[in-house]
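The values are calculated or read from the model by the stated rules, or taken from the named source; none is laboratory data. Quick caveat: nothing in here was measured; it's all calculated off a predicted structure. A quick note on method: Cβ atoms are made from the backbone with ideal geometry, for glycine too, and the neighbour counts reach across all protein chains shown. Accessible surface is based on the protein model in full, side chains and every heavy atom, while ligands, DNA and RNA are left aside. Shrake-Rupley method; radii C 1.70, N 1.55, O 1.52, S 1.80 Å.
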Amino acid sequence: MLEGITILEFQDRFRTEDDCLDFIEKLRWPKGFRCPNCDHDFGYRLRTRKLIQCGVCRRQTSVTAGTIFHKSRTPLRHWFWMIFQIAQDKGGASSVRLAKQLGMFQSTVWNQLHKLRHAMQRRDEGISLAGFIELDEAVIGPHARKTGRQKEKQGGPRLKKLGKRSTSRKRRKTQTEVIVMVERENGSAGNIVMKVVYKTTRDGVQEAVEQLVDENRQTFKSDALQSHFVVRSLGHQLFAKPLSGSDLACEELPVVHRAISLLKRYLMGTYHTVSSRYLERYLSEFSFRWNRRDSERSLWLSMLRAACFALPMTYAELKL
Ligand SMILES: [Zn+2]
């Protein structure tokens, strides 16, 4: 019922903190509250606090415990609005825009958005690719400068594909490599997984494939030179083709190249520059949206669910 909810309906539905709290309670206990202490199903909400008291053992359970909202000073209505807003657009929403809408500090909204991205990351941790997989590498760099020819090829001013790597030490330092893998079936895309490479590309490919791909023998296609040895050594099949022209590469690896192009548009369009330190979280938001693109209307509900089942982040985790 709440899947295709409009912005006005959303505002009507979540007018108060209690509305939001009721909704979280329903998401956490869809079949009704169960006491974690005695497993009894009778509990009542203490209206003055975010607690449910068990009618038998009288133990109090927080409605928001175990969610990213726990102990947050940000009102639930604000949290809900942020979630609804970032689910409305493929580009998400920036902390600057949301801070203006909600009358909050930009730094606070930035923190809350990163907690949400962390929740999305946790939610998709179980995804393991299988079948026919396209693999490629992308370089994301906030200060990467390119020649006119490269700009034309890649369609963006600050991001570039691997293989045309800059020789400048300064530029290399500001660029981050990302391994991108997408399932392909009958020409259409399946799930996507991405991983930031912190070591050498070869180690990065190995780590990504080991962690994010089903360990049984899968079939890969790639034009990334570093992946050849690694993918085969892990027991997978690989169709490798060093592709020179960008048109040919797009033809041979259409799905992964479309994903990389959309990823760059998402990062550039909404955030302009992204720190490599936090890049993985932005990748999580992008992947979360991609992996649920068939149910766009209920995306905000999926994000809310992720927020309700991810453990709260500590300050150290938030700031890395
Ligand atoms: Zn109890």
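Hey, could you check segment 246-266 for residues that are of a type in the set (Ser, Thr, Tyr) and at pLDDT 85 or above and say which is least open to solvent (accessible area, probe 1.4 Å)? Ranking the candidates gives TYR266 first. Every residue in segment 267-313 that is hydrophobic (A, V, I, L, M, F, W, C) and either in contact with a Ser or Thr (Cβ under 8 Å, 6 or more places away or on another chain) or at pLDDT below 90 (or both), please. Once the filter is applied, which keeps residues that are hydrophobic (A, V, I, L, M, F, W, C) and either in contact with a Ser or Thr (Cβ under 8 Å, 6 or more places away or on another chain) or at pLDDT below 90 (or both), segment 267-313 yields MET268, VAL274, LEU279, PHE288, ALA307, CYS308, PHE309, ALA310, LEU311, MET313. Filtered by the rule that a residue be surrounded by fewer than 18 Cβ atoms within 10 Å (Cβ to Cβ), assigned to a helix (DSSP H, G or I) and either of a type in the set (Asp, Glu) or touching a Gly at 6+ places or on another chain (Cβ under 7 Å) (or both), segment 273-320 gives ASP294, GLU296, ARG297, GLU317.
Among the residues of segment 1-10, those that are in a helix (DSSP H, G or I) and either within 16 Å of the ligand (Cβ to nearest atom) or loosely packed, with under 14 Cβ neighbours inside 10 Å (or both) comprise ILE7, LEU8, GLU9.
Once segment 72-88 is narrowed to residues that are of a type in the set (S, T, N, Q) and within 21 Å of the chain's Cα centre (by Cα), the residue that is farthest from the ligand (Cβ to nearest atom) is GLN88. When SER94 is tested against (1) open to solvent by less than 50 Å² (accessible area, probe 1.4 Å); (2) touching a residue at least 60 places away in the same chain (Cβ under 8 Å); (3) closer than 18 Å to SER298 by Cα, just one condition goes unmet, and that condition is (3). Of the candidates PHE42, PHE33, the single residue that is buried (at least 17 other Cβ atoms within 10 Å of the Cβ), touching a Gly at 6+ places or on another chain (Cβ under 6 Å) and more than 21 Å from ARG122 (Cβ to Cβ) is PHE33. Residues in segment 47-71 that are open to solvent by less than 40 Å² (accessible area, probe 1.4 Å) and either out of contact with any helix residue (DSSP H, G or I) (no Cβ under 7 Å at 6 or more places or on another chain) or within 14 Å of the ligand (Cβ to nearest atom) (or both): LEU51, ILE52, GLN53, CYS54, GLY55, THR61, SER62, ALA65, GLY66. Each residue in segment 34-46 was checked for being under 24 Å from LEU304 (Cα atoms), among the hydrophobic types (A, V, I, L, M, F, W, C) and either in contact (Cβ under 8 Å) with a residue 24 or more places away in the chain or near the ligand (Cβ under 9 Å from one of its atoms) (or both), and 1 of them qualify.
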